[in-house]
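Note sheet for the following structure.
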């Protein structure tokens, strides 16, 4: 479980096909990482297979590759990182499972006074549970839906800190991003759909 509060930005040092999946070696400033630990990498929960001073390695299985953009990652790409939530930690964002629900597309990035407005095209399963002032995770960052300008599109408002201290400040129109819809919204939607008559 995570909160969507990015605690570091890492860099892909190596990306190679391995056992039908993908092995990523990532540079990161974390101390005390252990094998078997869970980390959110651009919002996807992955397990540390190996680690050393200033780096760790994860394996991305085929099913995760099919749901994410990891297959496009190459040396030098910057990624948002978050270590798993511990009992008693502050919940500064919202409850994030580290499950990527779909890929969004950046449609527009517009500076507005002291913020940046980002319009994203989102898949139906994410759009269905996204509402103004609701929570969403974008590339591992906990954000608030600023508006829903039209069906299938949500608008985000990034404060300067988030713009500077995550990879979202680098996103441009046409870029893809990992999305995780609000967990509570997904559960409610699933329960309501199960009660609908066939």
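Things worth noting here:
- Placing R0 at 35 angstrom, the Cβ-Cβ distance between residue 161 and residue 196 gives a FRET efficiency of 0.25 after rounding to 0.05.
- Divided by 2.2 N^0.38 Å, where N counts the residues, the Cα radius of gyration of the range 1-114 comes to 1.10.
- Spin-label model distance (nm) - residue 63 vs residue 108, 7 Å beyond Cα toward Cβ: 3.9
- Tilt relative to the chain, helix 183-195 - C-alpha long axis, 0 to 90 degrees, to 10: 60
- All Cα pairs of the range 102-195, percent lying beyond 23 Å: 19
- Cβ crowding within 10 Å ranks 142, 130 as 130, 142, fewest other Cβ atoms first.
- From the coordinates of this entry, volume of the Cα convex hull per residue in Å³ is computed, and it appears in (i) 114; (ii) 128; (iii) 136 under the label (iii).
The numbers here are math on the coordinates, done by the rules we state, and not lab data. What you see is a predicted model, and the numbers here were worked out from it, not measured in a lab. FYI the Cβ positions are ideal-geometry reconstructions off the backbone, even for glycines, and counts take in every protein chain you see.
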